[in-house]
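**Q** Next up is a structure, given as structure tokens.
Quick note: the coordinates plus some simple rules give every number you see, no bench work behind them. Quick caveat, the model's predicted, so the values are computed rather than measured. Heads up, the Cβs are rebuilt from the backbone with ideal geometry, glycines too, and the neighbour counts pull from every protein chain shown.
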Amino acid sequence: MSELRFDGRVAVITGAGQGLGRSHALSLAERGAKVVVNDLGGALDGTGASAGPAAEVVELIRKNGGEAAVSTDDVATPEGAQAIVRTAIDTYGRLDIVVNNAGILRDRSFGKMSVEEFDQVLAVHVRGSFLVSRAAFPYLKEQGYGRIVNTSSPAGLFGNFGQANYSTAKMGLVGLTKTLGIEGARAGITANAIAPIAWTRMTSEILPAEFEARFSAERVSALVTFLAHEACETNGEVFSVGGGRIARVFVAEGPGWRQDDHTVEDIRDNWQAILAEQPYLTPTTLGRQATAFMEAML
Ligand code: NAD
């Protein structure tokens with residue numbers, strides 16, 4: 001089987017100074033991509049900044065014989081996002097791949113969560129992914145090719161105590177991914193998302209110690225690397241990944257229950273039919289969901 005290579009391709013990876021992003025950067029660089037390693041270098045809650053983590057990853061890639069450029073810009077500001085993309089264009093003259101990975105945590109139970117804690121988490125995850133993709137989009141569109149990989153989370157897909165801000169952000173990324181996929185398709189741009197689980201500073205205090213080797217970041221990066229390759233034409237999908245397992249996660253609509261002019265009591269009496277899951281639909285656009293909805297009314 002031929003090896004999947006990225007020679008001639010240029011990738012931007014946000015939050016690549018450590019954890020999952022670092023592993024994605026090493027994986028793509030090892031396969032020939034030129035990589036912009038972006039990282040603000042702050043604490044887990046997003047406070048502070050340091051040029052160290054991004055510079056260390058760049059140094060490691062170069063030591064391994066690869067090519068990499070450093071960016072310590074903030075994904076959450078329009079200027080920072082523009083600067084990240086400009087680093088790719090100014091250094092390598094093109095951009096093919098964007099991996100939106102930068103993230104922070106500000107966990108707090110819902111009743112105690114401050115507006116700032118909510119806003120800051122959405123700013124890095126959702127606004128940051130929007131801004132960096134937006135800065136990259138004209139270049140990808142112009143060349144008629146691009147691969148965008150966003151980073152969602154099981155916390156967003158399924159909910160998690162103490163993470164109202166993070167869950168909102170991570171499900172928001174599913175919406176962004178699906179619409180980006182639809183709007184980019186005509187220009188050869190795909191957008192997919194991962195919902196990973198890996199042993200990083202974000203999880204090392206909540207995962208059991210024996211998970212460290214099994215849930216290595218490298219096991220997530222293999223999927224990100226595939227999604228970033230031209231051989232992968234899948235678009236608008238979300239994948240649960242970690243510990244060696246990869247699964248498609250899809251948004252489905254149950255068969256539904258229908259009765260014209262129904263009353264509140266009719267809804268109560270047919271609640272189990274409304275909750276039914278089988279046979280479900282997995283529409284890939286709002287238009288397809290609307291068509292299915294209309295067909296059910298005939
Ligand atoms: P991590 O803390 O090791 O890495 C996140 C990186 O993002 C850090 O290096 C940080 O400096 C950088 N960053 C934060 N804010 C930034 C900003 N404004 N601009 C640029 N860089 C910034 O954590 P990780 O586990 O590697 O997380 C990577 C991504 O994966 C995050 O989006 C996270 O939410 C997601 N995720 C991780 C897990 C897991 O199990 N580790 C699970 C689900 C989702």
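**Q** Report Rg (one decimal) and Dmax (nearest whole number) for segment 25-81, counting Cα atoms only, units Å.
**A** 12.0, 33
**Q** For the Cα atoms of the chain, what angle does the longest principal axis make with the long axis of helix 78-92, in degrees from 0 to 90, nearest 10?
**A** Here the helix axis deviates by roughly 50 degrees.
**Q** Next question, about the same structure. Using θ = phi - 60° and the Karplus form 6.51 cos²θ - 1.76 cosθ + 1.60, what ³J(HN,Hα) does each residue of segment 138-149 get, whole Hz, x for Gly and Pro?
**A** x, 5, 5, 5, 4, 8, x, 7, x, 10, 10, 10
**Q** Also, quick follow-up: Tell me, what is the percent relative contact order of segment 26-122, built from C-alpha pairs under 8 Å that lie six or more residues apart?
**A** 25 percent.
**Q** Sticking with this one: Gaussian network model of the chain, Cα springs within a sub-10 Å range: biggest mean-square fluctuation belongs to which of 193, 11, 55?
**A** In the Gaussian network model the winner is 55.
**Q** Which whole number of Å³ per residue matches the convex hull of the alpha-carbon atoms in segment 33-144?
**A** On the way: hull volume 11.6 nm³, N = 112.
About 104 Å³ per residue, rounded to a whole number.
**Q** Please work out the Cα center distance from segment 115-187 to segment 217-248, rounded to the nearest Å.
**A** Measuring centre to centre over Cα atoms gives 16 Å.
**Q** Please give the contour-minus-distance gain from residue 268 to residue 86: 0.36 nm per residue of separation, less the Cα-Cα distance, rounded to one decimal in nm. Before the final figure, lay out the partial values.
**A** Working: separation 182, 0.36 × 182 = 65.52 nm, distance 5.66 nm.
Gain in length upon complete extension: 59.9 nm.
**Q** Contour minus end-to-end for residue 43 and residue 79, with contour as 0.36 nm per residue of separation and end-to-end as the Cα-Cα distance? Mind dumping the intermediate values first?
**A** Details: separation 36, 0.36 × 36 = 12.96 nm, distance 2.13 nm.
Here the answer is 10.8 nm.
**Q** Shifting gears a bit: Suppose the Debye formula is applied to equal point scatterers at every Cα of segment 94-221; what is log10 I(q)/I(0) at q = 0.19, 0.20, 0.21 Å⁻¹?
**A** Log10 of I(q)/I(0), two decimals: -1.05, -1.11, -1.17.
**Q** Follow-up question, since we're still on this one. Please give the FRET efficiency for residue 231 paired with residue 67, using the beta carbon to beta carbon distance and R0 = 22 Å, rounded to the nearest 0.05.
**A** For residue 231 and residue 67, the calculated efficiency is 0.55.
**Q** Cross-link partners among lysines for residue 170, C-alpha distance below 24 Å, same-chain residues fewer than 8 apart left out?
**A** Excluding near neighbours in sequence, the set is 112, 178.
**Q** Given springs between every Cα pair under 10 Å in a Gaussian network model of the chain, which of 282, 151, 190 has the largest fluctuation?
**A** Most flexible of the set in this elastic network: 282.
**Q** Rounded, prolate or oblate: pick one for segment 167-263, where a ≥ b ≥ c are the square roots of the eigenvalues of its C-alpha gyration tensor, a/c under 1.5 means rounded, and failing that, prolate if a/b is larger than b/c, else oblate.
**A** oblate
**Q** How big is the chain along each principal axis, measuring the range of its Cα positions in Å and listing the largest first?
**A** So the three principal-axis extents are 68, 44, 39 Å.
**Q** Can you give the FRET efficiency for residue 218 and residue 160, using 1/(1 + (r/R0)^6), R0 = 41 Å, r = Cβ-Cβ distance, to the nearest 0.05? Working shown, then result.
**A** Values: r = 24 Å, r/R0 = 0.60.
After rounding to 0.05, the efficiency reads 0.95.
**Q** For 92, 166, which order do you get if you count the other beta carbons within 10 Å of each Cβ and list the fewest first?
**A** Going from least to most buried by this count: 92, 166.
**Q** Turning to a different aspect of this structure: Counting other beta carbons within 10 Å of each residue's own, what order do 223, 28, 140 fall into, fewest first?
**A** By the 10 Å Cβ count, ascending, the order reads 223, 140, 28.
**Q** For segment 85-155, what's the radius of gyration and Dmax over Cα atoms, in angstrom?
**A** 15.4, 49
**Q** Further question: Any idea what % of Cα-Cα pairs in segment 1-58 are farther than 14 Å?
**A** Above the 14 Å cut-off, segment 1-58 has 53 percent of its Cα pairs.
**Q** While we're on this one: Where is the GNM fluctuation largest for the chain (alpha-carbon springs, 10 angstrom cutoff): 103, 181, 111?
**A** Between 103, 181, 111, it is 111 that shows the largest mean-square fluctuation.
**Q** Suppose R0 equals 35 Å. What FRET efficiency, 1/(1 + (r/R0)^6) with r the Cβ-Cβ distance, do residue 292 and residue 246 give to the nearest 0.05?
**A** 0.80
**Q** Right, here's the next one. Under 12 Å Cα-Cα from residue 63, which aspartates and glutamates qualify once same-chain neighbours fewer than 8 residues away are excluded?
**A** 30
**Q** Restricting everything to alpha-carbon atoms, can you work out Rg to Rh for segment 55-104 with a Kirkwood hydrodynamic radius?
**A** 0.98
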